[in-house]
Structures are given as C-alpha cells and as structure tokens.
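Trainee: Okay, here's the structure, questions in a sec.
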Amino acid sequence: MSTPSDSPSLKSLVESMTANRQLSEADAETLLRLAAEGRVSVRSEEDVLRWLAGEYGLEFTSLEGLSPDRDLLQRFPARILLRDEILPLRQVNGHVEVATSRLFATPGIDGLRALTGLSLRAVLAPREAVQREIKKHLGLGADTLDQLDEETPFQVLEQDEGEQTDLDKAAEDASIIRFVNQVLSDAISLRATDIHIEPFEEELRIRYRIDGLLQEVPVPPQIKRFQPAIVSRVKILSHLNIAEKRLPQDGRIKIRIRNTEVDIRVSVIPMIHGEAVVMRLLRQDAGLMRLSDLGMGEREERILRRVLKLPHGIVLVTGPTGSGKTTTLYSALNEINDSIRKIITIEDPVEYQMTGINQIQVSEKAGLTFARGLRAILRHDPDVVLVGEIRDVETARIAVQASLTGHLVFSTLHTNDAPGALTRLVDMGVEPYLVASSLEAVLAQRLVRTLCAACKAPDHSPETQLLQQQVPALADATIYRGVGCPECRQTGFFGRHAIFEMMDMTHEVRQLLLKGASSVELREAARRDGMTLLVEDGWRLVRAGLTTPEEVLRVSKHDPTNGH
C-alpha cells in the first residue's frame, strides 16, 4: 500500500527540486528511499528543505516576519541576487546569513563570496518566499536597472524642446524595454486592473490597483533617473508623440502574455515633476460569467431573468466606475445570445469580445459617439441593444425611443443607488412619462473584496461584537476577518464579489414617478415591494463568510446604526 510520501507526486517534486539544484542527486535518492520505507514524511517543498537542513546542519526559515538588513543588501549586486535567488539576511558573528532554496547552485554563493570578500552562510528557505522577499526588498526590475546603471553610456535628463535624440535612444534601450515589460507582466500576474506610474520630486512611484484598491510596488530608488525614458517607452508602445510633454495624450497597447490577450488603455498627463501614466488592463479573453455565477440573491436573479424575456424595455445597471457593471450586463446578454435574436452593442471600450454579438467601438475622434452609433444601430434591425453608458440627454432619449419601438435596451448609468437612476434620467431632460413607460428594472451594484480562503479566521473583536448587536441580520452569524498570508500578499483578501440592489418597476413606482416623487419616496415604495438595499445584500455575504462588515460598509457608504 502506498503512502503520501512515496506517491508519484513526491517523485515529481523531488525531480523538479533536483533540476532546480535544490537537491543533489544523491540526496534525492536517499530521500525517496527513506520516504518509501516510511522513515520520513514529506509532502511539499518546505518539508524537503526542512529535511535537507537537518541533514546538513543548517537553519531553515519561512522568511515570515523576517526583515533583511537594508544596508547589507546594498553591498550585493541586485542582478546576481535575483539571478541566483539569494537573499542576504543579517550579519552574525562575522558571517553573513543568506537565504536560498538552491543549496547546490554553488556558483551563486561562491561568486558572491569572491565579489564581496565576505564569509557567507546559507540558510534554507522556500523558493517562492525567497523570490517574493527579493522583489519586495530590492524592488521590481532591480536587476534590469542595476545593469542599466553600469552599462548605459547615457544619463536621462530633463530636455529642452527639440533635443529628443538621446531620449529616443534611452526609450529603445534593451534594459528600459525589459523594465517596462516586467511592470506589465508583474501587474497581469497579480490580477491588477490598473498600473499607475507617478512622478514626485525625489521618487517615481509605481502602484497597481488590485481588487479595487491601490497597492504600492517596491522599486529601486535609482528608478527616478530613468523616469523620462520609461514614460517614453510606454508612449512608443501606445503610438503616442514622445516629443509632446505639455498636453495629455491617450493611446492603447495590445499585448499577448502567457496565452492571454490584454488590451491596455494608456493615459499620459503632465504633472509638475514629469508625466504621469495610468494604464488600464482589459483582459480580452477573460472567461465570460454566466448569470448564475454572479452570486445574486434569489429575488434579484428572478427579476433579472424575467426582464430578459421581455420583448422591449430598458434595463439599467448603475454604480461607480469599476463596480462590475459591464460584467453583469455581458452575463445577461450571454443568457439570451442565440440564433433567433440580433444583439448589437456600442461601447467605450469593448471590454469583452463575444461570438454571435455585433460590437461597435465608440470613437470620439472619428465622430462616432454613443448617440450617433445608437441611431445607426437601430437601422440594423436589432432585437437587443447594449449602450455602454448613457452620458447625455440625447443618448437617453434615443434609448427610450428604441425601447418604445420594440427593442430591449441595456445600459449603465452613474448613480449611487437604484432609485436614483429614475430621477437622474428625469433631471437629464427625459420626460417622466417616457421613463415610467420604458424602464423595466434598475440594478445597482458594488464590488466587495472577498476574504482569502487560505488565511481567514473568526473575528471576535469588540467592534465586531458591537456591530452584531446593532445589525439583527448579523446577530447569530460567524464573522470572519482576513489575517494576511503570501497567497493574498498579506492583504487578507483575494478576488471580489458583487452586492446588488434590484428595483423592479412596479405599478406603484411608475405612478410615483409620474407624480414627480423624490428618490427617497421611490426607494420607500421599492422597499415595500421587497427591494434589498446594497448594505443588506452585503450582510448576506458576511453571513456566508465571504467578506467582512468593514468591506460592505466601505462600498455602500452606510451607517450601521440606522436599523437596517
């Protein structure tokens, strides 16, 4: 009978570690023999390294909570540390302890000994932890900039208009190209939706927006010297004018990385210390979600499925930028995408490409606005129309007319809640009777961060206990908090989940709208019909252990003491 220690998975792990020079061939044979005999139990890389540390009389560390000596790090070339995966930790009794998982990649440590003249002592640590801590403490692209510092014959300086030659060369330098590629690759692997490159007087800061919040990326301090070249490289990639530094510019880059196509929207704006860049990452082949995958409450999903079967009318999804409105709309379109319906969309930008759906990209420069495109769409005999966003009264009126002439229209609007969409359309200039007769449902939504499954733990803090007393829906629930681990980059969260507020256009709501009722009165009527507020839908996720009360309150801007 086989045990976990002599399974094929252990053999492949040992083979992989031997190929990476984490194990010698002799030690690999010994370990497999001991495991087969049941004398050692190993299931992971960490178990193997602990065993190896015991065999060679070395220390083992997980590197958790251990901060390397910064002054010591400066004495070692970044590119060698990154290449050989070695992290200097501290100086102890005349020796420098260096963390590595590759004990048998001897040229690395031997090379550092010869280069620095220091006595080095290996401490074993998991490979992923070593890589993570090196990037964290040396900064993204440290090896590239280190090499650039030593090899490039130029120094990038602020230049006068017309003196562009050196900057052109700088932006095309292999190290700058590699650095920008590293930033893009790193952001994509970390699931970032945006990259911010921000110039300040003494530093160039890089941040990624992950799960809706910005997180700073460690970068080497010398990156500031190469700021103009980095910005120019981004401009070259996005086909912008690198000589223009006084006006905002917008462009786009399309890349393929690890079989993933990513469309990148680039915005460059001049700031007082140089040009700032924001890149929005849109994954073109991101898997489309089904309606059932959105995790809606029973009432919300039932109403949405009902309106999807209607022959005409308007369905609005509201919420701030980045709240998942497009994902929800495409999930809905996916449900009704068949051979008997013609579906046309007009968007800015097209975020998902769907087979069987005709998609149009707005182009303000070419004069193709939402309103103009929508007029053209209606001449193409569609059954269903998706308008990316209702931005002005012209688009709103055409959408209403389209719904009244037999089309099912989907669109988005920026309002804080579902009832606010009705009054917003009226404020924009659409007559109340047209809104009342054409609108079928409004769905407001937000995205909350979901707890990391690897490190979440019950939260028994006094603040949480007080909240449970104030909110009846949470009274008997087990509430969790995020602890933080390498899996979630110490944030306690991994991924996001939507919370919803679905307003059905009942007879009472339509009558109130015709009478000029306020959004407060409309909300009260919708509540009588069973509408769940955003915050209440959030409590549903808290009860399910998916998120925290703080996350729900952060995105819903709700006061928990008002009784809901």
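What follows draws every value from the coordinates through simple rules; no lab data is involved. This structure is a prediction, so every number in the text was calculated from the model and none was measured. Glycine gets a Cβ as well: all are built from the backbone with ideal geometry, and neighbour counts include every protein chain shown.
Trainee: Quick check on packing: order 11-22, 96-107 by the mean number of other C-beta atoms within 10 Å, highest mean leading.
Mentor: 96-107, 11-22
Trainee: Based on the Kirkwood radius over alpha-carbon pairs, what value in µm²/s does the Stokes-Einstein equation return for the translational diffusion coefficient of segment 225-276 at 4 °C and 1.567 mPa s?
Mentor: 110
Trainee: Can you list the residues of segment 475-514 with backbone N under 15 Å from a point 7 Å past the Cα of Ser461, pointing along Cα to Cβ?
Mentor: Flagged as within label range: 479-484, 491-493.
Trainee: Just to be sure I understand: of the beta bridges DSSP finds with both ends in the chain, what percent are antiparallel, rounded to 5?
Mentor: Antiparallel: roughly 65 percent of the beta bridges in the chain.
Trainee: Taking 8 Å as the Cα distance limit and 6 or more residues as the minimum spacing, I'd like the relative contact order of segment 195-299 as a percentage.
Mentor: 23
Trainee: May I pose another question? Rounded to the nearest 500, what is the 222 nm mean residue ellipticity of the chain from helices alone, with -39500 (n - 2.57) per DSSP H run of 4+ residues and division by all residues?
Mentor: The helix-only estimate for the chain comes to -11500 deg cm²/dmol at 222 nm.
Trainee: Mind checking which lysines have their C-alpha under 21 Å from Lys136, skipping anything on the same chain fewer than 8 residues away?
Mentor: Lys224
Trainee: Would you mind working out the magnitude of the charge dipole of the chain relative to its Cα centre, with +1 at each Lys and Arg C-beta and -1 at each Asp and Glu C-beta, to the nearest 20 Debye?
Mentor: Approximately 1120 debye in magnitude.
Trainee: Give me the net charge of Glu551's neighbourhood, meaning all other residues with Cβ under 11 Å from the Cβ of Glu551; Lys, Arg count +1, Asp, Glu -1.
Mentor: Residues near Glu551 contribute +3 overall.
Trainee: Can I ask one more? Could you calculate the contour length gain from Leu58 to Arg527, that is, 0.36 nm times the residue separation minus the distance between their Cα atoms, to one decimal place in nm?
Mentor: 162.3 nm
Trainee: In terms of modelled amide H atoms, which long-range or inter-chain residues lie less than 5 Å from the amide H of Thr412?
Mentor: Here Val317, Glu389, Ile390 satisfy the definition.
Trainee: Under the definition of Cα pairs under 8 Å and six or more residues apart, what whole-number percent is the relative contact order of the chain?
Mentor: Computed over the chain, the figure is 9 percent.
Trainee: Using θ = phi - 60° and the Karplus relation 6.51 cos²θ - 1.76 cosθ + 1.60, list the HN-Hα couplings for segment 389-406 in order, rounded to whole Hz, with x at every Gly or Pro.
Mentor: Working through the residues one at a time gives 7, 8, 9, 8, 5, 4, 4, 4, 5, 5, 4, 5, 4, 4, 5, 6, 9, x Hz.
Trainee: Let me ask you something else. 5 Å is the cut-off here: which amide hydrogens, built 1.01 Å from N in the peptide plane, fall below it relative to Arg496, excluding neighbours closer than 5 in sequence?
Mentor: Here Thr450 satisfy the definition.
Trainee: Report, to the nearest 10°, how far helix 419-428 tilts away from the longest principal axis of the Cα atoms in the chain, using its own Cα long axis and a range of 0 to 90°.
Mentor: That works out to roughly 70 degrees.
Trainee: Over segment 1-141, what is the relative contact order in whole percent, taking alpha-carbon pairs under 8 Å and six or more residues apart?
Mentor: 25
Trainee: What are the ³J(HN,Hα) values, in whole Hz, obtained from phi via the Karplus relation 6.51 cos²θ - 1.76 cosθ + 1.60 with θ = phi - 60°, for each residue of segment 536-543 in sequence order, with x given for Gly and Pro?
Mentor: Computed from phi, the couplings for segment 536-543 are 5, 5, x, 4, 4, 6, 5, 4 Hz.
Trainee: Now for a separate question. Straight-line reach from Lys342: which lysines have a Cα under 29 Å away, not including same-chain ones fewer than 8 places off?
Mentor: Candidates past the 8-residue exclusion: Lys254, Lys309, Lys325, Lys365.
Trainee: Please list, in chain and number order, the residues 5+ apart from Met296 or on another chain whose amide H is under 5 Å from its amide H, with Hs placed from the backbone.
Mentor: none
Trainee: Moving on to the next point. Which trypsin sites (Lys or Arg not before Pro) in segment 469-564 pass both tests, a DSSP loop state and at most 15 other beta-carbon atoms within 10 Å?
Mentor: Sites meeting the loop and neighbour criteria: Lys515, Lys557.
Trainee: Using θ = phi - 60° and the Karplus form 6.51 cos²θ - 1.76 cosθ + 1.60, what ³J(HN,Hα) does each residue of segment 214-231 get, whole Hz, x for Gly and Pro?
Mentor: Karplus-based 3J(HN,Hα) across segment 214-231 equals 6, 10, 6, 9, x, 9, x, x, 6, 4, 4, 4, 9, 3, x, 5, 5, 5 Hz.
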